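Written below as structure tokens is the structure these notes are about.
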Amino acid sequence: MLDQARQHIAAEEFDRAESLCADVLVTDPVSVPAHQLMARVWLGRNEPDKVRDRIAYRDELPCDEHYVEWGLIAEEVEALEIAVQIYEELLKRAPENGVVLYRLGLICLERGERDRAVGLLQRALRVSPDHAAAAFELAQCYAEDELWGLAADAYERGLVCDPDNEEAQTALQVVMARMRELAQLPSSEMPSGEGAARRMRVLFSGREGVHARQWIDEDGRVGYSPVQEPLADHLLALHLQGTATLGVYPVRADQTVLFGAIDIDIRKSALKAGEAGQSISARLQELVLADARRLARQFDELHLPVYVEDSGYKGVHLWLFFAEPVPAAVVKRFFEAVVQRVGPPGPELQWEVFPKQEQVAEDQLGNLIKLPLGIHLKTGRRCLFTDLDGQEYSDQEGFLQRIQQVERGAFEQAVSRLVASPAQGGTAGSAETIREAFPEYEALFKGCPVLVALMEKAVVTHHLTHDERLVLKCILGHLDEGGGRLIHSIIGHCLDYSEAITQQQIDRTPPSPISCPKIRQRLPEVTSTVNCACVFDLPEGGYPSPLLHLDSTFTSGRSQSVDRHGSLVDKYVNLRRDYQRLTRELAQLEDDLHYAITSADRDELRAGGWILRRDGEGRFQVEVDLG
């Protein structure tokens, strides 16, 4: 009888259909399909109030496999709030229902909730890989956002299930044409695999024996996985051809780098605010280029050539190349000092400095950066070198060959100029210059080689560790105003010098100066390389300290309670650093595991007596493998 009722509704014979549904409800008052067909009769008669009343009556009926039909009926009567309520109720009971995820995604699109809509469509396609309509809808969203790579992937997945869909076939052709257009270099020919690849290898040499490869998973997420293989010319040729998109880990095994970079990006919040679902606006693109010009001017003032590359999605990279390896710590601090001097970025932008680590453990890789001239898999765009107005160079290979690599001496001069700049608060000169500016402390300089070594390190490397600065403070901070000025003069050579922060630390100088044994305990790597073996005639109740070179009674009757909390502070600082490092490494590892699980087409991995499972929210759970 219900089948007959459906046929009558299709033929618009609503009276006969209503009679059949009524007969069914006499014998089975809680028949969900009969109530739903009755609602469709009233839809056909254009009686929306009756339809809404019948939808409301659903709470008196069983929640069975037909329940999703209530949501479809609510959509047809344009009761979208009710439809959303129905679908969300269903998802609480069955979170993997592909039909419900798809319908709810469509409603969110209609309401302008684009981010949520894309997430729902991605989930629908994940739980129902043969849901062609979800794939096509998702592809259209990606195409509207000019994420051509993701759009092509989604259209291709949908056509596997619905190969005769002419509209999707046409849309895919448009997307592929756009990708081919974006992938073409401005020059008439692609860079030759041999010459361009060799030049890329010279400029972008990073961590030995490994490189990174970009991937897209079924949810449209883009990430990278390490490949334990050297970044050889044949791989770089694939990158230039667009058949693979590669990245490099900048920090080499000896903790040096051959390049540094600044990544200027549009924040996700800026993309969502007022421009959600649209391609990146000309206004935001101009903000990116304006910041690139600000930073480039600073490098130009330091006589360093930087090169601009369109990163392929929502920003640009600024590159600086070195003719010989430079310590990663120096490059990172130098770039951070440049950023500090120029910045901050506007609220809609964010900057990242590469290398992101000063040191990388032997069993770690650090953060990677994508190589130029490849194709960003998310957008299908080729990442080309441009001028500061965003105009692509016509001959990318020729431009690649003309890139200058900065000599070590020129970079060191730039570091000195940056540190000596009044804007940075630093002081130019050498360790000898500092000594000449403070003749009243010459006896201290002559007597304490550790102090002189710290002065020379600050001048030469532009860096002092936390312990080294603490020792300076606990010696010189007891010399009244002159000692404070001397501390500023020394630390002022460091790239991360801050006059205000340094003064705050000086103001917190403990009541007693640091002892010589405590200095050796804190700085063994310094004291073991100099003649730290002073012999003092100790004053009554005193202890050995470098300040006895100035006044033989300086520590008389003083408590050695200085630094009594130092070990606790040091432990806290070190643990915080380890926590931040481990958090970054864990995030990178989780990206790799997501890729591994997706590639294996299952939701768990078994290894080493453990089971690693990924739940529906993308979180990992670990269990002991008892089987």
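Every number in this text was worked out from the coordinates using simple rules, so none of it is lab data. From a predicted model like this one, the values you see are computed outputs, not experimental measurements. Please note: Cβ atoms are built from the backbone with ideal geometry, for glycine as well, and neighbour counts cover all protein chains shown.
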- Item | Cut-off 14 Å between beta-carbons: net charge of the residues surrounding residue 301, Lys and Arg +1, Asp and Glu -1 | +4
- Query: Hey, how many Å between the Cα centroid of the stretch 218-237 and the Cα centroid of the stretch 7-74?
  - Reply: 55
- Would you calculate a helix-derived [θ] at 222 nm for the chain, using -39,500 (n - 2.57) for each DSSP H run of n ≥ 4 and dividing by the full residue count, to the nearest 500? -16000 deg cm²/dmol
- Task: Would you mind computing, in nm to one decimal, how far apart the modelled labels at residue 297 and residue 583 are, each placed 7 Å from Cα along Cα→Cβ?
- Result: 3.4
- Message: Counting other beta carbons within 10 Å of each residue's own, what order do 131, 463, 303, 239 fall into, fewest first?
- Response: 303, 463, 131, 239
- Message: For the pairs 356/518; 314/457; 446/473; 356/457; 268/356, flag any whose C-alpha to C-alpha distance is greater than 29 Å.
- Response: 356/518; 314/457
- Which residues qualify? For residue 366, with a placed amide H closer than 5 Å and at least 5 residues away or on another chain, they are none
- Under the definition of Cα pairs under 8 Å and six or more residues apart, what whole-number percent is the relative contact order of the chain? 9
- Query: If one takes the longest principal axis of the Cα atoms in the chain, at what angle in degrees, from 0 to 90 and to the nearest 10, does the Cα axis of helix 166-183 lie?
  - Reply: 20
- FRET efficiency estimate (nearest 0.05) - Cβ-Cβ, residue 590 to residue 530, R0 51 angstrom: 0.65
- Message: Give me the net charge for the shell around residue 238: Cβ to Cβ below 15 angstrom, other residues only, Lys and Arg +1, Asp and Glu -1.
- Response: +2
- Message: Shape verdict for the stretch 193-409, please, from the Cα gyration tensor: rounded (a/c under 1.5), prolate (a/b greater than b/c) or oblate.
- Response: rounded
- Item | Filtered GluC sites (Glu not before Pro), the stretch 194-239: DSSP coil and at most 11 other beta carbons within 10 Å | 208
- Computed magnitude of the charge dipole of the stretch 115-189 (debye, nearest 20; Cβ of K, R +1, Cβ of D, E -1): 280
- Under 5 Å from the placed amide H of residue 210, counting only residues 5+ away or on other chains, we find 229, 231
- Query: Among the trypsin sites (Lys or Arg not before Pro) within the stretch 472-561, which fall in a DSSP loop and have no more than 16 other Cβ atoms within 10 Å of their own Cβ?
  - Reply: 508
- Item | Angle in degrees between helix 32-44 and the longest Cα principal axis of the chain, rounded to the nearest 10 | 80
- Query: Of 217, 578, how do they rank once you tally other Cβ atoms within 10 Å and put the fewest first?
  - Reply: 578, 217
- Acute angle (nearest 10 degrees) that the helix 282-301 long axis makes with the longest principal axis of the chain, alpha-carbon atoms: 10
- Message: As an exercise, use a Förster radius of 56 Å and the Cβ-Cβ distance of residue 606 and residue 485 to find the FRET efficiency, rounded to the nearest 0.05.
- Response: 0.30
- What list do you get for 455, 179, 1 if you sort them by fewest beta carbons within 10 Å? 1, 179, 455
- Picking from 289, 138, 83, whose Cα lies most toward the positive end of the charge dipole for the chain (charges on Cβ: Lys, Arg +1; Asp, Glu -1)? 289
- Residue by residue, what Karplus-based ³J(HN,Hα) values in Hz, rounded to whole numbers, does the stretch 96-109 have, using 6.51, -1.76 and 1.60 with θ = phi - 60° and x for Gly and Pro? 9, 7, x, 4, 5, 4, 5, 4, 5, x, 5, 5, 4, 4
